[in-house]
Each structure stands twice: as C-alpha cells, then as structure tokens.
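Take a look at this one; I'll ask things after.
Taken together, the values in this text are just the output of simple stated rules run on the coordinates, not laboratory data. Note that the structure is a prediction, hence the values are computed from the model and not measured. Don't worry about glycine lacking a Cβ; one is built from the backbone with ideal geometry, like all the others, and counts go over all protein chains shown.
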Amino acid sequence: LAGATDLASIRVAFGHVSAPVVRLVEAAGLPEEMALERHRCGMTPDVPEGGVWLQRAGDIRNPYFGSAMLACGAPAG
C-alpha cells in the first residue's frame, strides 16, 4: 500500500492484503461474537478475488470505494 501512487493502485494493493487475510480468518476461525461477514465489490475486477473484505455484520461499508460507493457490494460466500 505504501508504494501505491493513485487510487486505482491503492485499491489493487488493498485487495492483495485483504484477500489473504480473508482466507486466513476463514481457515483459522474467529469467535462467534465477532460476527464478521465476507463481502465482495463487483466494481473491482482487477483486484484479487474480485475485491473481498471482512467487516462486522450490518450495513455494507465498501473499503474499496469509500464514500463514493459506500453501500456497494454483496455478501460473498
């Protein structure tokens, strides 16, 4: 992320961090009370695994597009 020079490269870099973290958390598991959900951003085809991220249960808060498209995304199983 530190070497990213524009918003598009920041999104891709975040995806390269987020995707393995999602896989790690899913493999290791977390306590139920954390209530994390996996989501995917359909607007990021150039990002690993289509732009996955984990967040607490509730309204979608898209980290790839932030305030520009905060609620954009869908649960990803």
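Among (1) free of Cβ contacts under 8 Å to residues at least 40 places away in the same chain; (2) of a type in the set (A, V, I, L, M, F, W, C); (3) not in a loop (DSSP other than H, G, I, E, B), which single condition is Phe14 missing?
(1)
Mind checking which residues of the stretch 1-48 are among the hydroxyl-bearing types (Ser, Thr, Tyr) and under 10 Å from Tyr64 (Cβ atoms)?
Ser18, Thr44
From Glu37, Glu32, which residue is surrounded by 12 or more Cβ atoms within 10 Å (Cβ to Cβ) and acidic (Asp, Glu)?
Glu37
Kindly indicate which of Leu70, Leu30, Leu54, Leu1 is in contact with a helix residue (DSSP H, G or I) (Cβ under 6 Å, 6 or more places away or on another chain), assigned to a loop (DSSP other than H, G, I, E, B) and among the aliphatic types (A, V, I, L, M).
Unique residue meeting the criteria: Leu1.
Ok, one more. Can you find a residue that is over 9 Å from the mean Cα position of the chain (by Cα), over 19 Å from Pro75 (Cβ atoms) and in contact (Cβ under 8 Å) with a residue 40 or more places away in the chain anywhere in the stretch 22-42?
no
Would you confirm whether any residue within the stretch 67-75 is within 11 Å of the chain's Cα centre (by Cα), loosely packed, with under 14 Cβ neighbours inside 10 Å and touching a residue at least 24 places away in the same chain (Cβ under 8 Å)?
yes
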